[in-house]
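S.K.: Structure below; questions to follow.
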Amino acid sequence: MRSEELGETLLTKRLALPIFASDPLSSVAYATQEILLVLTLGGLAYLHFTPWIAASVVALMTVVVLSYRQVVHAYPSGGGSYEVASTNLGPSAGLVVAASLMVDYVMTVAVSVASGVDNIISALPALVDYRVPMALVFVALLTAMNLRGVRESGHMFAAPTYLFIGGVLIMVATGLLRYVLGDAPVSESAAYGIRPEAGESDLMGLALVMLVLRAFSSGCTALTGVEAISNGVPAFRRPKSKNAATTLAAMGLIAITMFVGVTTLALIAKVHITDNACRLTGLGGDCEGHTQRTVIAQVAAAVFGGDSVGFYFIQAATALVLILAANTAYNGFPLLTSILAQHRYLPHQLHNRGDRLAFSNGILALAVVAGLLLWGFKANVTSLIHLYILGVFTSFTLSQSGMVRHWNRELRTETDLVVRRRHHLARTINATGAVVTGLVLAIVLATKFTQGAWLAVLAAGVLWLLMRAVRRHYDSVAAELEVTDPHSELAPPSRVFAIVLVSTPHKPTLRALAYARAFRPYQLEALTVAVDPEALADLQHKWQEYDIQVPLKVISSPYREITRPVVLYVRSIRRAGPRDVVAVFIPEYVVGHWWENALHNQSALWLKSRLLFTPGVMVISVPWQLHSSRHANHPAVRAPGAVRRGEPAPPGQSAGKPVGHDRPT
């Protein structure tokens, strides 16, 4: 796609919802489960805390959604939390947010794909041994789809997301209707008891508080991905801020409705789930071989029946949307890294768009790291979840704190009373968000640090240091390359001393000699390193036979080195004339197959790498196209007058006709 076609990739609200909100919408498939997994550590005694924990998660999501609506309106350029923190709290705080979000985006891919695979296994237990290969295949497919571009991936992801939303809402409505009519659904695990872990059966005081807080922090996974819309505002159609804010509100309302519905049905159906099937009492048989279904699978089976079409529809839609929920990260991560690269905190390549106008390098980097995580943690959701959500609440807290400063600055200059009232309300919302998310961050850090969250903290810290180092490098290079005296920089060298490296007097050597003579240097000589006496004698004989009017300089090398003698000789010329320039011409082969590179040009490559570090030395490659390269299928090579599909023809030319064929004689 041409750069001018970027506007065609912008998203409507209908497409933006599944692209940017699939992560928080799909998290209802495992948020309830994570709450229950923690509470059942103490057996069944503490499940009565579930409604209160769920209510706290809902209140928190409401505050965060309202807070990010202010961010979308105030900062529509797409930086989201990073831009807010950088502008209002300083670059260091902005980098903390950026590092935290990058870690969280990677975890979004890993956790979403692993959870999707779990739901596939819940429906088809025979696939349990293929968990990791399935997860890696799904990451590869997501990567391929996103490399096609944002709009194309949006069309692919819209249907599964809306099917999941519709399926869950129908399941919730059906289950609640059955409960009201006196036919409450009962889960397959309702008859099982749960054996508490050692020391967890009779918790009191602080220990009980910590258990409840751990369950709450696990349930907060429902909030992951909420900030993605604020990062992706530039991808919306105009009016960008209004459309993004509307999409954010719709996402919050749908996610809260589904989370409350699934949690309510899980309690009504008495779903029991543990981190280890052997803790289930009354199971009978071999507990090691028992595969527990996910909470949403048990709820669907209780509402529709374990072998019904409704059950398999819910499982298929849940698995698909969980895998596609990683798309939130595939859109947020490349956008964020592109902004960071533009600000010189990451390599410039991450700011470049690919052929389909997607940030291809960021997409590939995300896929590689997420794939390594899935492989290292064996695609286990319980293991991965402890590394999750720490980053997102770090960005929540800092961005909301930054927004408070933003509104304070606006209020110092605003005189209109109506606008001031709006600013006061917005500041109150953001201040509440900062306090609440700050408390949640402390809870998450305290309850999850020793269980694996320390790894996420370490990764964010390393990223923060790396980004600062990259920025220092780019700043030092920019300062070094800045022109202070253009006249002195444009002054030509006193003389040009040309050297052509020679091994054999073949066609590439003669071409390099001819090319060097065309430069009309002050002095020209051919240089060879004497390693083999017979080869040297043959070279000198042919030099005279061909009557080459260029002096041949021979350097002896008793230790059979080539690179070192050439570099030392070139440096000696530089010392003799510091204001001279030495131009070194190196004949090289151009091959047509990748494997041929291993057979040619190795000495030339090593020589160039050494000579490039010598000041005042210009290294010039003189290519010789071998026969294989002339017949290679290079897509970049086009016949004269050829026009790509979708490209306008040059003036005076119709597409498919050479220039001049349609002119009158």
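S.K.: May I ask for the angle, rounded to the nearest 10°, between helix 533-545 and the longest principal axis of the chain, with both axes built from Cα atoms and the value confined to 0 to 90°?
M.R.: Between helix and principal axis, roughly 60 degrees.
S.K.: What GluC sites (Glu not before Pro) does the range 432-501 have in DSSP loop regions with at most 13 other beta carbons within 10 Å? Please report the intermediate quantities before stating the final value.
M.R.: Details: sites: Glu480, Glu482, Glu489; in loops: Glu482.
Sites meeting the loop and neighbour criteria: Glu482.
S.K.: Residues with beta-carbon under 15 Å from that of Ile314, excluding Ile314: net charge, scoring Lys, Arg +1 and Asp, Glu -1? All intermediate terms of the calculation are to be shown ahead of the outcome.
M.R.: Numbers: positive: Arg293; negative: Asp118, Glu188, Asp307.
After counting each charged neighbour, the total is -2.
S.K.: How do Glu288, Glu34, Glu525 line up, fewest other C-beta atoms within 10 Å first? Before the final figure, lay out the partial values.
M.R.: Numbers: Glu288 8, Glu34 25, Glu525 16.
If I rank by nearby Cβ atoms, fewest first, I get Glu288, Glu525, Glu34.
S.K.: Then there's this: As a check on your grasp of the helix formula, calculate [θ] at 222 nm for the chain: sum -39500 (n - 2.57) over DSSP H runs of n ≥ 4, divide by the residue count, round to the nearest 500.
M.R.: Value at 222 nm, helices only, nearest 500: -20000 deg cm²/dmol.
S.K.: Additional query: How far is the Cα center of the range 548-564 from the Cα center of the range 429-480, in Å?
M.R.: 56 Å
S.K.: Right, something else. Can you tell me the 0 to 90 degree angle between the C-alpha axis of helix 309-325 and the longest principal axis of the chain, rounded to 10?
M.R.: 40 degrees
S.K.: On to the next question. Please give the peptides 10-17, 172-179, 409-416, 321-328 ranked by average Cβ packing (other Cβ atoms within 10 Å per residue), highest first, as a rough proxy for protection. Intermediate results must be reported in sequence, preceding the final value.
M.R.: Numbers: 10-17: 19.0, 172-179: 16.6, 409-416: 10.5, 321-328: 30.1.
The most tightly packed comes first, giving 321-328, 10-17, 172-179, 409-416.
S.K.: In percent, what relative contact order does the chain have, based on Cα pairs under 8 Å that are 6 or more apart in sequence?
M.R.: Values: 1022 pairs, mean separation 128.6, N = 665.
Across the chain, relative contact order equals 19 percent.
S.K.: Indicate, rounded to the nearest 5 percent, the antiparallel portion of the DSSP beta bridges found entirely in the chain.
M.R.: Within the chain, antiparallel bridges account for around 5 percent of the total.
S.K.: Given charges of +1 on the Cβ of Lys and Arg and -1 on the Cβ of Asp and Glu, with all other atoms neutral, how large is the dipole of the chain about its Cα centre, in debye to the nearest 20? If you can, show how the numbers build up before the last one.
M.R.: Details: 53 positive and 41 negative charges, 377 e Å.
Dipole about the Cα centre, nearest 20: 1820 debye.
S.K.: First select every other residue whose beta carbon is under 13 angstrom from the beta carbon of Asp538; then total the charges, Lys and Arg +1, Asp and Glu -1. Intermediate results must be reported in sequence, preceding the final value.
M.R.: Values: positive: Lys542; negative: Asp532, Glu534, Glu545.
Local net charge: -2.
S.K.: Still on this structure: How big is the chain on each of its three principal axes, counting only the C-alpha atoms and giving the largest first in Å?
M.R.: Reported extents, whole Å, longest axis first: 107, 72, 68.
S.K.: Which order do Trp52, Trp407 fall in if you start with the one that has the fewest other Cβ atoms within 10 Å? Before the final figure, lay out the partial values.
M.R.: Working: Trp52 12, Trp407 23.
Final ranking by Cβ density, sparse to dense: Trp52, Trp407.
S.K.: Moving to a separate point now. Under 25 Å between alpha carbons: how many lysine pairs meet that in the chain, if sequence neighbours fewer than 8 apart on the same chain are excluded? Walk me through the intermediate numbers first.
M.R.: Numbers: Lys13/Lys240; Lys13/Lys242; Lys378/Lys448; Lys507/Lys542; Lys507/Lys553; Lys507/Lys608; Lys542/Lys553; Lys553/Lys608.
Step by step, the pairs that qualify in the chain add up to 8.
S.K.: Sum up the charges of everything whose Cβ sits under 13 Å from the Cβ of Leu411, counting Lys and Arg as +1 and Asp and Glu as -1, but leave Leu411 out. Each step should come with its number before you reach the end.
M.R.: On the way: positive: Arg405, Arg409, Arg412, Arg420, Arg421, Arg422, Arg427; negative: Glu410, Glu414, Asp416.
Combined, the nearby Lys, Arg, Asp and Glu give +4.
S.K.: Ok, one more. Compute the helix-to-body angle for 205-219: its Cα long axis versus the longest principal axis of the chain, expressed 0 to 90° and rounded to tens.
M.R.: With both axes taken from Cα atoms, the answer is about 60 degrees.
S.K.: What does the highest-first list of 97-107, 112-122, 342-352, 548-558 look like by mean Cβ count within 10 Å? Kindly include the intermediate steps, with their values, before the conclusion.
M.R.: Numbers: 97-107: 28.2, 112-122: 26.6, 342-352: 17.9, 548-558: 12.9.
The most tightly packed comes first, giving 97-107, 112-122, 342-352, 548-558.
S.K.: If you rank Arg279, Arg520, Arg237 by fewest surrounding Cβ atoms within 10 Å, what's the result?
M.R.: By the 10 Å Cβ count, ascending: Arg520, Arg237, Arg279.
S.K.: Check Trp624: other-chain or 5+ apart residues with amide H under 5 Å from its amide H, H built from backbone geometry?
M.R.: Glu588, Tyr589, Val590
Read the figures in this text as sums done on the coordinates, not as results from a lab. Note that the coordinates shown come from a computational prediction; the quantities given were computed from them, not determined experimentally. Cβ atoms come from the backbone with ideal geometry, glycine included; neighbour counts cover every protein chain shown.
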